[in-house]
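Presented below is the structure to which this report refers.
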Amino acid sequence: MVLPVSDTPFAKLDRGYHAIEKALNYVAAAFLFSLMLLGCAEVLMRKIFNSPIHGQADLVEIMIPTMGFFGLAYCQRLAGHVRMELLIHRLKGRALWIFEFCGNFATLAIVAVMIFGTWQNFLNAWLLGDSSMDAQIPVWPPKLIIVVGFCLLFIRCTISFFGYIRLIRHPDAEPIGVPISPTVADIAESEAEVARDAIKDEIDETRLKGSGQ
């Protein structure tokens, strides 16, 4: 993904918020790595010491929301969510941006409903003191993380909302604050570049082995 090079306030807002998205995505990756270590520790403790980690299943359930929801906005900015683009790739100019604007508006409405629902779920867990079944770990933190993840996605879609309005007014302007899906040609070029690098590395390795002999 290429961030906008413009120095307008809107472009700076987009870049600044993307830095937050990227940081939270690193947090999600750290939780994923921790989950892997927890799984390995569980297997070792069970096999070697015959003493599994108490509450391991509860910890997994609590860690999963962070991995999924902290990366929502980041994935949206990179156009990484699953999309049906058979029609979109045939559109150009103002028609494309109008179509994208409608989809983004629908996403805003759905995410707003999800924020309301998950917030109510969090409040119930907080007020009732809900906890996990085995280790009795409070479950309101992961439920709050879900709310935060949806709020971050809502902010990203709001930025895109104004970005699409700008592009509808000026179709030939630089896209700022909106996700740009790679075309088939872009994907093919990227895969070809990876293949070229792999072939180059293999040739270099062969030459080094030949010179060593």
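Of the residues making up the stretch 141-186, just one is more than 17 Å from TRP97 (Cβ to Cβ) and not in a helix (DSSP H, G or I), namely PRO182.
The sole residue among ALA95, ALA109 that is aliphatic (A, V, I, L, M), assigned to a helix (DSSP H, G or I) and modelled with pLDDT of 95 or more is ALA109. Scan the stretch 131-165 for residues that are more than 23 Å from LEU72 (Cα to Cα) and modelled with pLDDT of 95 or more and the total you get is 0.
Being surrounded by 10 or more Cβ atoms within 10 Å (Cβ to Cβ) and either of a type in the set (Val, Ile, Thr) or touching a Gly at 6+ places or on another chain (Cβ under 6 Å) (or both) is the filter; apply it to the stretch 172-193 and report the residue that is modelled with the lowest pLDDT. Per the criteria, the residue is THR183.
For the stretch 27-47, the candidate set comprises residues that are among the aliphatic types (A, V, I, L, M) and more than 14 Å from LEU59 (Cα to Cα); within that set, the residue that is surrounded by the most Cβ atoms within 10 Å (Cβ to Cβ) is ALA28. Right, ILE115: within 22 Å of the chain's Cα centre (by Cα), part of a helix (DSSP H, G or I) and not hydroxyl-bearing (Ser, Thr, Tyr) or not? Yes; evaluated as a whole, the condition is true for this residue. Pairing each residue of the stretch 71-95 that is touching a residue at least 12 places away in the same chain (Cβ under 8 Å) and among the hydroxyl-bearing types (Ser, Thr, Tyr) with any residue that is buried (at least 16 other Cβ atoms within 10 Å of the Cβ) and outside any loop (DSSP other than H, G, I, E, B), provided the two are 6+ apart or on different chains, yields C-beta distances under 9 Å for TYR74/HIS18; TYR74/GLU21; TYR74/LEU24; TYR74/ASN25; TYR74/ALA28; TYR74/LEU152; TYR74/ARG156.
The values are calculated or read from the model by the stated rules, or taken from the named source; none is laboratory data. Every value quoted in this text rests on a predicted model; they were computed, and no experiment measured them. Backbone-built Cβ (ideal geometry, glycine too); neighbour counts: all protein chains shown.
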